[in-house]
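Colleague: Encoded as structure tokens, here's the structure I'll be asking about.
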Amino acid sequence: MFPRIKQYGKNFISSDLFSSKEVVQLTIPIVIDQGFVIGMALLNTAMISSAGIAAVSAVNMVESLNIFFISVFIALSTGGTVVVAQARGKRDELLAERSAVATVVAVFGIAIVLAIIVLIFHRALLEGLFGGSSEAVMKNASVYLIGSMLSYPALAIVESACGVLRGVADTRTSLFLSALTNLSYVALNLLFIQVFHLGIVGMIIALNIARLLGGCVSIWYLTKRTQSIHFSFSRLSPFNFDIMKKVMSIGFPFAAEQLFFNGGKILTQIFIVQLGTLALTANAIGNSLTMLLEIIPASLGLALVTIVGQSIGAGDTKSVRKFWLSFLALSSITTLLTSVILITVYPWLIDLFHVPASVEKQVFVLLLMVSVARIIAWPLSFITPSALRAAGDATFTSVVSLITMWSIRIVLGYILGITLGYGLLGVWAAMCFEWFVRGIIFAVRLYRGKWMRKRLV
């Protein structure tokens, strides 16, 4: 059996630049990292559920906004990952170093600006988007949004540092920084929510302490400890606009895509608010559980950015399609296995959330539907654009994502969920259908090879 696995690795997940062992060593820490992030989010949702349905709904509402804003500097970090990876593949260490510093500084600055703007307009933002929610939900949401904004700059440092480290294939350090932040968050949540019973306020205190710790350790590690890349803020002098342009050529289109993409998610959230607090709670729990299916596929997508980026930098375009097809297959297989496990243990998992029986049944139906879509459509829709962005083809992926999101998921979601009365099931069905359409378009683009002309370095 093991010789067969070894031969599979040699045939499908190796190249002149990466051995199968190196690909596995690159990917495993990312899988563990994603498991931490998603698992911790699930535990935190379960813990805050002890404060009542209003608290769960408030956290879910604000998290949709957090994802919307945080996606901007995560997208810019991805731009840094791509440029650093291509520079490393080309063996241009000076460009890799300057790109790394430029990424961290730019993402940190943008996070501060975003935090200030949202803090000023937080109440108007919540009332404009979720004004139909109950007063208890709105009060909790306002407090949680303010606390979240205060943690943005520190989180930006963690995300950009992890992005840079993934670019040089140092995923172990990236895992360490992410695990430190997330484990601290969960431990502090246990203290402030379960022991001191501080509810939303306790969650905010835990969030800020954990992210500040992660940010400080990230800067210390980059400047003092890591051997993967030389990191010094002196690399910004003189400021190199050409390097920043390379980073932003990936980061800005992806950031715009994420803004509009997550803006569409917020619109669907508004649809769901109209369906009542129970539907809002079912949506929150459904999202938390189905994210467990995303741990390995999302990790493969992140690993593919590094692999394709360095391959493009080294001029090895032939390996890109091979890695893409192999990662698609691995994503579908692992999603099938995790879906079976998740459905089997569902009765025990749902007990963590202390919700009514009607919500339990609704979440289970959503889980069954989305499991099928994640096996077939999700890999094409999300792993394929990772390969395209890593090759420098960011604008195309962003435009396609925006068009399909707003023309299919939003419009069809409203028609099915609200107009035709299918409720939450209709909204989720539209989401799954949009994955299919978008995935087919991306697959055609990658197969035709126009991305080969988008190399950055």
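Colleague: Which of (1) part of a helix (DSSP H, G or I); (2) surrounded by fewer than 17 Cβ atoms within 10 Å (Cβ to Cβ) is the odd one out, the single condition Gln227 does not satisfy?
Modeller: (1)
Colleague: Could you count how many residues in region 341-392 are in contact with a Phe, Trp or Tyr (Cβ under 8 Å, 6 or more places away or on another chain) and polar (S, T, N, Q)?
Modeller: Looking only at that region, the number is 2.
Colleague: If the Cβ limit is 9 Å and pairs must be 6+ apart or interchain, which residue in region 66-86 that is farther than 18 Å from Gly109 by Cβ pairs with which residue that is acidic (Asp, Glu)?
Modeller: Correct list of pairs: Val84/Glu97; Gln86/Asp92.
Colleague: Just to be sure, is Ala96 modelled with pLDDT of 80 or more and in a helix (DSSP H, G or I)?
Modeller: Values: modelled with pLDDT of 80 or more: yes; in a helix (DSSP H, G or I): yes.
Answer is yes for this residue.
Colleague: If you take the residues of region 353-363 that are in contact (Cβ under 8 Å) with a residue 40 or more places away in the chain and either among the hydrophobic types (A, V, I, L, M, F, W, C) or part of a helix (DSSP H, G or I) (or both), which of them is surrounded by the most Cβ atoms within 10 Å (Cβ to Cβ)? Give the derivation first.
Modeller: Filtering region 353-363 for residues in contact (Cβ under 8 Å) with a residue 40 or more places away in the chain gives 353-356, 358-359, 362-363.
Narrowing further to those that are either among the hydrophobic types (A, V, I, L, M, F, W, C) or part of a helix (DSSP H, G or I) (or both): 353, 355, 358-359, 362-363.
On the way: Phe353: 23, Val355: 20, Ser358: 11, Val359: 22, Gln362: 22, Val363: 26.
Top of the filtered list is Val363.
Colleague: Quick one: what pairs do we get from region 239-252, first residue within 17 Å of Pro385 (Cα to Cα), second assigned to a helix (DSSP H, G or I) and modelled with pLDDT under 80, C-beta under 7 Å, 6+ apart or different chains?
Modeller: Every condition considered, no pair remains.
Colleague: Which condition does Leu280 not pass, out of (1) out of contact with any Ser or Thr (no Cβ under 8 Å at 6 or more places or on another chain); (2) crowded, with 20+ Cβ neighbours inside 10 Å; (3) within 30 Å of Val365 (Cβ to Cβ), if it passes all the others?
Modeller: It fails just one condition, (1).
Colleague: While we're on this one: Hey, among Ala357, Ala394, which residue is under 23 Å from the mean Cα position of the chain (by Cα) and not acidic (Asp, Glu)? First the steps, then the outcome.
Modeller: Values: Ala357 fails: under 23 Å from the mean Cα position of the chain (by Cα).
From the options Ala357, Ala394, the qualifying one is Ala394.
Colleague: Within the group Gly426, Gly421, which residue is more than 18 Å from Phe260 (Cα to Cα) and in a loop (DSSP other than H, G, I, E, B)? Even if it seems obvious, please write down each step before you answer.
Modeller: Values: Gly426 fails: in a loop (DSSP other than H, G, I, E, B).
So the residue among Gly426, Gly421 that is more than 18 Å from Phe260 (Cα to Cα) and in a loop (DSSP other than H, G, I, E, B) is Gly421.
Colleague: Identify all residues within region 138-179 that are among the basic types (Lys, Arg) and buried (at least 23 other Cβ atoms within 10 Å of the Cβ); write none if there are none.
Modeller: First, the residues of region 138-179 that are among the basic types (Lys, Arg): 139, 166, 172.
Of everything in region 138-179, just one residue is among the basic types (Lys, Arg) and buried (at least 23 other Cβ atoms within 10 Å of the Cβ), namely Arg166.
Colleague: Same structure again: Can you name the condition, by its number, that Val400 falls short on among (1) assigned to a helix (DSSP H, G or I); (2) of a type outside the set (D, E, K, R); (3) surrounded by fewer than 22 Cβ atoms within 10 Å (Cβ to Cβ); (4) out of contact with any Lys or Arg (no Cβ under 8 Å at 6 or more places or on another chain)?
Modeller: (4)
Colleague: So, in region 211-268, exactly how many residues are modelled with pLDDT of 85 or more, farther than 16 Å from Arg98 by Cβ and in contact with a helix residue (DSSP H, G or I) (Cβ under 7 Å, 6 or more places away or on another chain)?
Modeller: Selection size over region 211-268: 9.
Colleague: Kindly provide the set of residues from region 134-162 that are modelled with pLDDT under 90 and in contact with a helix residue (DSSP H, G or I) (Cβ under 6 Å, 6 or more places away or on another chain), ordered by number.
Modeller: From region 134-162, those modelled with pLDDT under 90 are 134-137; that's our starting set.
Answer for region 134-162, where residues must be modelled with pLDDT under 90 and in contact with a helix residue (DSSP H, G or I) (Cβ under 6 Å, 6 or more places away or on another chain): Ala136, Val137.
Colleague: Tell me whether region 107-117 contains one or more residues that are buried (at least 24 other Cβ atoms within 10 Å of the Cβ), out of contact with any Asp or Glu (no Cβ under 6 Å at 6 or more places or on another chain), at pLDDT 90 or above and not aromatic (Phe, Trp, Tyr).
Modeller: Here is the first cut: in region 107-117, the residues buried (at least 24 other Cβ atoms within 10 Å of the Cβ) are 107, 111.
Narrowing further to those that are out of contact with any Asp or Glu (no Cβ under 6 Å at 6 or more places or on another chain): 107, 111.
Still in the list and also at pLDDT 90 or above: 107, 111.
Within this subset, residues satisfying the condition of being not aromatic (Phe, Trp, Tyr) are 107, 111.
Checked against the condition, which is being buried (at least 24 other Cβ atoms within 10 Å of the Cβ), out of contact with any Asp or Glu (no Cβ under 6 Å at 6 or more places or on another chain), at pLDDT 90 or above and not aromatic (Phe, Trp, Tyr), region 107-117 yields at least one hit.
Colleague: Next question. Any residue in region 418-430 that is closer than 21 Å to Ala279 by Cβ and of a type in the set (Ser, Thr, Tyr)? Break it down into steps so the answer makes sense when it comes.
Modeller: Step one: list which residues in region 418-430 are closer than 21 Å to Ala279 by Cβ, which gives 418-430.
From what is left, the residues that are of a type in the set (Ser, Thr, Tyr) are 419, 422.
Checked region 418-430: at least one residue is closer than 21 Å to Ala279 by Cβ and of a type in the set (Ser, Thr, Tyr).
Colleague: Here is a follow-up. Checking Glu127 against (1) touching a helix residue (DSSP H, G or I) at 6+ places or on another chain (Cβ under 6 Å); (2) surrounded by fewer than 20 Cβ atoms within 10 Å (Cβ to Cβ); (3) of a type outside the set (Lys, Arg); (4) part of a helix (DSSP H, G or I), which test does it fail?
Modeller: Single failed check for Glu127: (1).
Colleague: Considering each of Ile350, Ile312, Ile333, Ile307 in turn, give the residue that is free of Cβ contacts under 8 Å to residues at least 60 places away in the same chain and in a helix (DSSP H, G or I).
Modeller: Ile333
Colleague: Give me the pairs: first residue in region 29-52 and closer than 20 Å to Phe176 by Cα, second residue among the charged types (D, E, K, R), beta-carbon distance under 6 Å, and six or more apart or on different chains, which are they?
Modeller: So the pair list comes out as Pro29/Arg172.
The values are calculated or read from the model by the stated rules, or taken from the named source; none is laboratory data. The shown structure was predicted, so the numbers you read here are calculated from the model rather than taken from an experiment. Backbone-built Cβ (ideal geometry, glycine too); neighbour counts: all protein chains shown.
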